[in-house]
Amino acid sequence: NPDKMSTTEQTFIAIKPDGVQRGLVGPIISRFETRGFKLVAIKLVTPGKEHLEAHYADLKEKSFFPGLISYMNSGPICAMIWEGLDAVKTGRTILGATNPLASAPGTIRGDYALQTGRNICHGSDSVENAKKEIALWFKEGEQVSWKSALESWTY
Ligand code: RTP
């Protein structure tokens, strides 16, 4: 619907094990912060195989699924919820294309990654999936509702 108005949304963003190991937690957070999004939850986790299989349940028939799960299970993941105008779609734009070789420079993957199997970050691909992923990764009470002093200058 081209006439759809932009809405305030929440998106689930995760820095994958390679992103954490490569010291990219700061730069990735920075891109969301400076764009004007608000951080409402963050934690470093090693959720385990079962949880990761639930997160990627839609991909379980793919040939790369076992490799994807062992990659995601290879170290800590930085799980976050970011909030703001069109956060889901804009979050995906900030991340870049799934295959880093197709990601534009200026995107996270376009600046820091070369391979789909090591693409350093995840972002929800729809509002519906964002809700599901937030419910899977975060417990009630882990999210902070706060008013940023900068908001009236961003919006
Ligand atoms: P993500 O969920 O991680 O944000 O990635 P995405 O939506 O951009 O891509 P999706 O198709 O959902 O794939 C999820 C993740 O699986 C890995 N993958 N490997 N070897 C391959 O062909 C392949 N294809 C996908 C990537 O880590 C991708 O981000």
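The values are calculated or read from the model by the stated rules, or taken from the named source; none is laboratory data. Every value quoted in this text rests on a predicted model; they were computed, and no experiment measured them. With ideal geometry, Cβ positions are generated from the backbone for all residues, glycine too; neighbour counts draw on all protein chains shown. Calculation scope for accessible area: heavy atoms of the full protein, side chains included, ligands and nucleic acids excluded. Shrake-Rupley method; radii C 1.70, N 1.55, O 1.52, S 1.80 Å.
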Pairs returned, first residue in segment 55-66 that is over 19 Å from residue 14 (Cα atoms), second residue that is part of a loop (DSSP other than H, G, I, E, B) and near the ligand (Cβ under 7 Å from one of its atoms), beta-carbon separation under 9 angstrom, 6 or more apart or interchain, are 62/56
Please verify whether residue 91 is under 14 Å from residue 31 (Cα atoms), within 12 Å of the ligand (Cβ to nearest atom) and surrounded by 14 or more Cβ atoms within 10 Å (Cβ to Cβ), treating the condition exactly as stated. yes
Taking residue 110, is it more than 22 Å from residue 47 (Cα to Cα) and open to solvent by less than 30 Å² (accessible area, probe 1.4 Å)? yes
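Looking at 29, 69 in this structure, which one is surrounded by 14 or more Cβ atoms within 10 Å (Cβ to Cβ) and either farther than 23 Å from residue 149 by Cα or aromatic (Phe, Trp, Tyr) (or both)?
69
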Check on residue 130, within 13 Å of the chain's Cα centre (by Cα) and more than 9 Å from the ligand (Cβ to nearest atom): yes
Pairs returned, first residue in segment 89-117 that is within 20 Å of residue 23 (Cβ to Cβ), second residue that is in a strand (DSSP E or B), beta-carbon separation under 6 angstrom, 6 or more apart or interchain, are 95/121; 95/123; 96/107; 108/121
Does residue 84 qualify as being in a loop (DSSP other than H, G, I, E, B) and open to solvent by less than 20 Å² (accessible area, probe 1.4 Å)? no
Within segment 102-155, residues being part of a helix (DSSP H, G or I) and small (Gly, Ala, Ser) number 6
Failed item in (1) more than 15 Å from the chain's Cα centre (by Cα); (2) away from the ligand (no atom under 11 Å from the Cβ); (3) not small (Gly, Ala, Ser), with residue 115 passing the rest: (2)
What helices (runs of 4 or more DSSP H) lie completely within segment 1-73 and have 2 or more residues being aromatic (Phe, Trp, Tyr)? 65-72
